[in-house]
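Structure first, then comments.
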Amino acid sequence: MYSIEDQVEDWKTVFLAQKGNSIFCNVDDSYIADPFNLTNLDKDIDNYKSALKLILNDITLSKIKGLHLKKIWDSACFLYGQIHARYILTNDGMLKMLDKYENSAFGTCPRVQCDQQSLIPVGIDDRVGVARVKFYCCNCEDVYEPDGQCNKEIDGAFFTTTFPHLFFLSFPHLKPKTKFKIDRYVPRMFGYKIYRHSKLHKWQERERTKAIWESISKLPV
Ligand SMILES: [Zn+2]
């Protein structure tokens, strides 16, 4: 049984409890401790060894002093994010994210027609430092900025461009049964559809359906 003091000293507990960080899952220590899973991560991270020790509680926050603490803390956050990006593509990581998804821990789609469909985090670029995290809706297949509950500074690469799509391939029952038809808001004036917008919607519908069929045709048989 952990005491409160032990909890304070546990790096992941502190990190995951920080405001907005609840979209990260808790990466198993055994995954982090396996050097194979960390291949090449040491190249671009300052204080790599200390950061890794901090994450695994081989050193504790109270043992690191002053300005050095801030540097190692930042390196640990950066390293954890990159480990997280790999972990959520594994079965164990996917199951942890599933648990969060089923509890709508990532928020719901702001689009009225999506009827509060749960969102899932996504990166729009796999390179770190290029774009912040966004949220993907599997109903309208669009991405949204984080709401106020999420830390908007989180790097999208910590969630990868692949994750949500692999997630729904792994758990296809979670996708709405729309048969590729997405309810769209139809603008009307005095009860009549506005032609210009309807044309845009038809074009969007065609492009989305085309993209879906193209990706299906590329799947291994
Ligand atoms: Zn949506």
Inset, instruction - From (1) closer than 17 Å to HIS84 by Cα; (2) modelled with pLDDT of 90 or more; (3) of a type in the set (D, E, K, R), pick out the condition that doesn't hold for ASP142. - result: (1)
Inset, instruction - Scan the stretch 104-118 and give yes if some residue there is surrounded by fewer than 21 Cβ atoms within 10 Å (Cβ to Cβ), part of a helix (DSSP H, G or I), over 14 Å from the mean Cα position of the chain (by Cα) and away from the ligand (no atom under 16 Å from the Cβ), otherwise no. - result: no
Inset, instruction - Give me a count of the residues in the stretch 144-161 that are in a loop (DSSP other than H, G, I, E, B) and either touching a helix residue (DSSP H, G or I) at 6+ places or on another chain (Cβ under 9 Å) or surrounded by 21 or more Cβ atoms within 10 Å (Cβ to Cβ) (or both). - result: 7
Inset, instruction - Run ILE88 past the list (1) β-branched (Val, Ile, Thr); (2) within 16 Å of the ligand (Cβ to nearest atom); (3) closer than 20 Å to LEU169 by Cβ and report the number of the one that doesn't hold. - result: (2)
Legend entry - Count of residues meeting criterion [surrounded by 16 or more Cβ atoms within 10 Å (Cβ to Cβ) and part of a loop (DSSP other than H, G, I, E, B)] in the stretch 29-63: 4
Inset, instruction - Kindly indicate the residue of the stretch 91-103 that is in contact with a strand residue (DSSP E or B) (Cβ under 8 Å, 6 or more places away or on another chain) and away from the ligand (no atom under 16 Å from the Cβ) and also nearest to TYR31 (Cα to Cα) among those meeting that condition. - result: MET97
Inset, instruction - Assess whether GLY81 counts as being closer than 30 Å to LYS177 by Cβ and either within 13 Å of the ligand (Cβ to nearest atom) or open to solvent by less than 40 Å² (accessible area, probe 1.4 Å) (or both). - result: no
Legend entry - the stretch 119-143, residues that are within 10 Å of the ligand (Cβ to nearest atom) and open to solvent by less than 50 Å² (accessible area, probe 1.4 Å): LEU119, PHE135, TYR136, CYS137, CYS138, ASN139, CYS140
Legend entry - Which listed residue is more than 16 Å from the ligand (Cβ to nearest atom) and at pLDDT below 90, from LEU61, LEU52: LEU61
Legend entry - Residue satisfying condition, being within 27 Å of PRO146 (Cα to Cα), in contact (Cβ under 8 Å) with a residue 12 or more places away in the chain and open to solvent by 90 Å² or more (accessible area, probe 1.4 Å), within set LYS100, LYS71: LYS71
Inset, instruction - Only residues in the stretch 78-92 that are within 20 Å of ASN47 (Cβ to Cβ) count as the first member; pair them with residues that are of a type in the set (Gly, Ala, Ser), Cβ under 7 angstrom, at least 6 apart or cross-chain, and list the lot. - result: LEU79/ALA51; ALA85/ALA157
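The values are calculated or read from the model by the stated rules, or taken from the named source; none is laboratory data. Values in this document were obtained by computation on a predicted structure and should not be read as measured data. Because the Cβ atoms are built from the backbone with ideal geometry, glycine has one as well, and the counts that use them run over all protein chains shown. Calculation scope for accessible area: heavy atoms of the full protein, side chains included, ligands and nucleic acids excluded. Shrake-Rupley method; radii C 1.70, N 1.55, O 1.52, S 1.80 Å.
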